[in-house]
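Input: a single structure, listed below in structure tokens.
The values are calculated or read from the model by the stated rules, or taken from the named source; none is laboratory data. Note that the structure is predicted; figures quoted are calculated from it, not measured. Virtual Cβ from ideal backbone geometry, glycine too; neighbours counted across all protein chains shown. SASA here: full protein model, heavy atoms, side chains in, ligands and nucleic acids out. Shrake-Rupley method; radii C 1.70, N 1.55, O 1.52, S 1.80 Å.
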Amino acid sequence: MESESKRKKESPNTAELAVTASFPDEVLEIVLSLLTSHRDRSSVSLVCKDWYHAERWSRTQVFIGNCYSVSPEILTRRFPNIRSVTLKGKPRFSDFNLVPPNWGADIHAWLVAFAAKYPFLEELRLKRMAVSDESLEFLASNFPNFKLLSLLSCDGFSTDGLAAIATHCKNLTELDIQENGIEDSSGSWLSCFPESFTSLEVLNFANLTSEVNTDALERLVSRCKSLKVLKVNKSISLEQLQRLLFRAPQLEELGTGSFLQDLTARPYADLESAFNNCKNIHTLSGLWEAVPLYLPALYNSCANLTFLNLSYTALQSGEFAKLVVHCPRLRRLWVLDTVEDKGLEAVGSNCPLLEELRVFPADPFDEEIIHGVTEEGFVAVSFGCRRLHYVLYFCWQMTNAAVATIVQNCPNFTHFRLCIMTPGLPDYLTNEPMDEAFGAVVKTCSKLQRLSVSGLLTDLTFEYIGKYAKNLETLSVAFAGRSDRGMQCVLEGCPKLRKLEIRDCPFGNEALLSGLEKYESMRSLWMSACNVTMNACRRLAKQMPRLNVEVMKEDGSDDSQADKVYIYRTVAGPRRDAPPSVLTL
Amino acid sequence: MSTTPLEHDYIGLSESSSVPRSSDKLSYSSSSSSCTEENYTSSNKACLNFKETELRLGLPGSQSPGRKPSHGLSLFGKDIENNNSNSNNTNGYAAPSPLKSLVSGAKRGFSDALDGASRNWGLSINGKPDAELGKGAVLYSPRGGLDDKCKIVKEVDVLPLSPKPVQEKKNQVPALNENEPTSAPAAKAQVVGWPPIRSFRKNTMASNLVKNNDAAEGKSGSGCLYVKVSMDGAPYLRKVDLKIYSNYMELSSALEKMFSCFTIGQCDSHGLPGQDGLSESRLMDLLHGSEYVLTYEDRDGDWMLVGDVPWDMFTETCRRLRIMKGSEAIGLAPRAMEKCKNRT
């Protein structure tokens, strides 16, 4: 190790020498290498210079929550031995088309730096980054030890890029392609895995649409004996799935393809035995276009399920209830609101171990009123599933009383994301604002880390949040509040706040500027369609040089208004790759 | 030419100046697809205004015309205060009384539109020009011209119920509660990025709908075929996937289960087990009796009685289902038979 030559110690006095000699750096590094939590490592690095250096030498994984908070140069200079990088790029509201295209967060410059400094890079996890085929080809060709690629909510690449990865990454263990803006021109990328390639453990191409060569897939699955996670796309039929299941009895996570086929009774029996053959499956997803007829084939497998993802399957309450009866060990459940309150009641009755529930809307943009789920379903789950701590719930109506009951039943919420889909909707029984609902949440759930609010809300909600939500790290606000005071309460009151994202609220300059010092302790602030002016942003930028203040203007809007503001702390200075629509002040 | 006297105009008044005009426009459209949407819309608006004055009808969920016209805005916030005196089964944003008047007015308007349309469609079936015959024969492979016509007719029929056909989905979530002193840029009819659902999921769900409409293009056995089901008097719609049923019996019993909580004039979505059984069988009686009739809207925008055509043909052409009060469906049967004749 080159450690000795690179360590420049100032000459200490004898006593210090004795102390440091008794605890050699190598030992310290070994001890620190056992630390995996990023926060622990950050704390360690602040103890003293020696510990800072020991930590930076021993760190192999790095997590960067905002790719613009640091530059590739700074990163590679500080950490010489990185094998695993996680990078997040665009602000979260880019998922909902609020961020202009070509905003940035391009991975390429990072890859170039990594090729020079981290040639033995093994893992890359990207979220909301712009990734091109060229970048994927570069990645495939420059990192011989590359093992793990995970792309979530990224855009800019096509299946050609995946072909490059499959062709060149001889040691690949994981390829996880989720919910990206990918141009899916053909499924031939899958056939690019060489016949000699056997190391795959995770393969997730569930969100791609093109047909892949099923023979190639079957051969791949056969020879990768360590394959634990297989999530196929819609193009794979039930019959093909059966063959795959027989090839991979060791599977632990399965994403099925299309669960629809014209079957006679015999193939149904085959399907059931195929599933029974895989005794280790604990996670199930996919089930595209599931027809109730074939669901019973899953019943036996459901006994061991801990995570069931039906968020792309429009099941009605009856057939869903029949399925969920067989899932007593469920810990995480994602469903569509087609299961309705009755379906959720079945969850409450059958899944006492449930910790996480996500209910997505099947028809969020429909003008006509389609039932979906109401507060009753949520309440029913809370009575039956006392361990619930993570919820994402899309509904059309809610009451303060229901939420109060829910958190009384489940006081351990860490993530409470409630989306009443009609903006500014009050409690539909009392017609009052939903302030008391979220008040109950923050008062009761002391461990709350993440909160998304909705419905008709006055400043009172934010007073409650500022007063009680002492562990809150992420807050999402839309169409809420009455005055600057709301935002101020949050900025003043939540010591652990890291991410604040606000849209369409009456918060203005006073609120923005009240958080001056606060923003340096936060990852980022997003404000769009609020009452913030360009001048206020300029003032903020001037006073806080370690923040980047970016403004995105919309066509045809008033010049003095700052339509969209994205503020984040950075040690890398203002970025140079912003498109013309983004002004850095 | 019309043989039915103009007793019932579009909104049930005996004298009307607007309806003959609109019906003229319709007959104009039946001969070719050259009738532009603009022509139609202006007569449409004339009808609408007239309706608003007389019966206080409006877009689904909206209040009386005194309210702001912004789409759906009046649904929320304090506007619904006065109407919230009902059982807790009603959704706060669809106060029953205006909705009832909407539905009842819609029924009347609908049946009259039906009669109105029949002057042009029904009779045109009898003595139609060759273009019409050709159209009838190619019922299942709609061409551009047909689509225009479909849209036009659909808007006549379903205007009281919904301003847009199923496949014309837009992000029509209302903007802000206007009582809130918010600062959003000039109230948009469409709200970008709301509800907060990832584009990927949005597109995947949307492509399911597109698939529904493509289903008739010969992709049998794949995809789902979701159609909306409405029932007169019910406060909300449901959706069924026609692909999972193989005959009319299965569909009808599924619908019975779905809507069994709604008996005439009663809205009880809780449905205690005992009552469920009672109301289910009662609904069956209703459906099999003369109280309720199951109808569907086909690709041409015509409303037909369910059961007249072979099941496969039905699933290919059905766009939407409606459980209609028997009294409203009187005009349907003959037309369905006529249309059937033309297909064979």
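Worth a mention:
- Tally, over the range A:554-574, of residues that are touching a strand residue (DSSP E or B) at 6+ places or on another chain (Cβ under 7 Å) and under 17 Å from A:W526 (Cβ atoms): 10
- Extreme residue, nearest to the other protein chains (Cβ to nearest Cβ), among residues of the range A:135-192 that are crowded, with 19+ Cβ neighbours inside 10 Å and hydroxyl-bearing (S, T, Y): A:S153
- Taken over the range A:432-465, the criterion of being open to solvent by 30 Å² or more (accessible area, probe 1.4 Å) and farther than 25 Å from A:R358 by Cβ is satisfied by A:E432, A:P433, A:L460, A:E463.
- Of the helices (runs of 4 or more DSSP H) lying entirely inside the range A:327-425, the ones with 1 or more residues being more than 22 Å from A:A469 (Cα to Cα) are found at A:340-350, A:375-384.
- Looking across the range A:486-503 at every residue that is touching a strand residue (DSSP E or B) at 6+ places or on another chain (Cβ under 9 Å) and part of a loop (DSSP other than H, G, I, E, B), the one that is farthest from the other protein chains (Cβ to nearest Cβ) is identified as A:C494.
- Residue list for the range A:490-503, restricted to those being open to solvent by less than 20 Å² (accessible area, probe 1.4 Å) and of a type outside the set (D, E, K, R): A:V490, A:L491, A:G493, A:C494, A:L497, A:L500, A:I502
- For the range A:296-320, the candidate set comprises residues that are open to solvent by less than 10 Å² (accessible area, probe 1.4 Å) and under 25 Å from A:E179 (Cα atoms); within that set, the residue that is farthest from the other protein chains (Cβ to nearest Cβ) is A:L305.
- A:G455 within 14 Å of chain B (Cβ to nearest Cβ), part of a loop (DSSP other than H, G, I, E, B) and touching a residue at least 40 places away in the same chain (Cβ under 8 Å): yes
- With respect to being farther than 26 Å from A:L124 by Cα, open to solvent by 10 Å² or more (accessible area, probe 1.4 Å) and not charged (D, E, K, R), A:N213 fits the description.
- Filter pass, A:P328 being within 14 Å of another protein chain (Cβ to nearest Cβ) and not charged (D, E, K, R): no
Yes/no per residue for (1) among the hydrophobic types (A, V, I, L, M, F, W, C); (2) closer than 16 Å to A:C445 by Cα; (3) at pLDDT below 95:
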{"site": "A:L353", "(1), (2), (3)": "yes, no, no"}
{"site": "A:P361", "(1), (2), (3)": "no, no, yes"}
{"site": "A:R387", "(1), (2), (3)": "no, yes, no"}
{"site": "A:Y390", "(1), (2), (3)": "no, yes, no"}
{"site": "A:T405", "(1), (2), (3)": "no, yes, no"}
{"site": "A:N409", "(1), (2), (3)": "no, yes, no"}
{"site": "A:F413", "(1), (2), (3)": "yes, yes, no"}
{"site": "A:R417", "(1), (2), (3)": "no, yes, no"}
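Rundown of residues vs (1) surrounded by 24 or more Cβ atoms within 10 Å (Cβ to Cβ); (2) touching a Cys at 6+ places or on another chain (Cβ under 9 Å); (3) within 14 Å of chain B (Cβ to nearest Cβ), yes/no style:
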residue	(1), (2), (3)
A:T338	yes, no, yes
A:L344	yes, no, no
A:C351	yes, yes, no
A:F378	yes, yes, no
A:M398	yes, no, yes
A:T414	no, yes, no
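- Strands (runs of 3 or more DSSP E) wholly inside the range A:526-585 that include at least 2 residues being more than 22 Å from A:L497 (Cα to Cα) and open to solvent by 10 Å² or more (accessible area, probe 1.4 Å): A:582-584
- Scanning the range A:416-451 for residues that are touching a residue at least 40 places away in the same chain (Cβ under 8 Å) and within 14 Å of chain B (Cβ to nearest Cβ) gives A:R417, A:M421, A:P423, A:G424.
- When the range A:73-99 is limited to residues that are without any contact (Cβ under 8 Å) to a residue 24 or more places away in the chain and closer than 23 Å to A:L148 by Cβ, the one that is most open to solvent (accessible area, probe 1.4 Å) turns out to be A:R78.
- Test result for A:T86, farther than 16 Å from A:V571 by Cβ and more than 14 Å from chain B (Cβ to nearest Cβ): yes
- Pairs meeting the criteria (first residue in the range A:206-226 and more than 14 Å from chain B (Cβ to nearest Cβ), second residue assigned to a loop (DSSP other than H, G, I, E, B) and of a type in the set (D, E), beta carbons under 8 Å, at least 6 apart or on different chains) are A:R219/A:E195; A:R223/A:E195; A:C224/A:E201; A:S226/A:E201.
- With respect to the stated conditions, A:A113 fails to be touching a His at 6+ places or on another chain (Cβ under 6 Å) and either open to solvent by 10 Å² or more (accessible area, probe 1.4 Å) or under 24 Å from A:A206 (Cβ atoms) (or both).
- The C-beta contact set for the range A:39-52 (first residue touching a residue at least 12 places away in the same chain (Cβ under 8 Å), second residue exposed (fewer than 11 other Cβ atoms within 10 Å of the Cβ) and not in a helix (DSSP H, G or I), distance under 6 angstrom, 6+ apart or interchain) is empty.
- When A:P506 is tested against (1) modelled with pLDDT of 95 or more; (2) open to solvent by 50 Å² or more (accessible area, probe 1.4 Å); (3) within 14 Å of chain B (Cβ to nearest Cβ), exactly one condition is not met: (2).
- Residue under evaluation A:F394, criteria (1) more than 9 Å from chain B (Cβ to nearest Cβ); (2) closer than 22 Å to A:E355 by Cβ; (3) not β-branched (V, I, T), criterion not met: (1)
- Pairs, first farther than 14 Å from A:R569 by Cβ and within 14 Å of chain B (Cβ to nearest Cβ) in the range A:527-551, second β-branched (V, I, T) and not in a helix (DSSP H, G or I), C-beta under 6 Å, six or more apart: A:M527/A:I502; A:M527/A:V565; A:V532/A:V565
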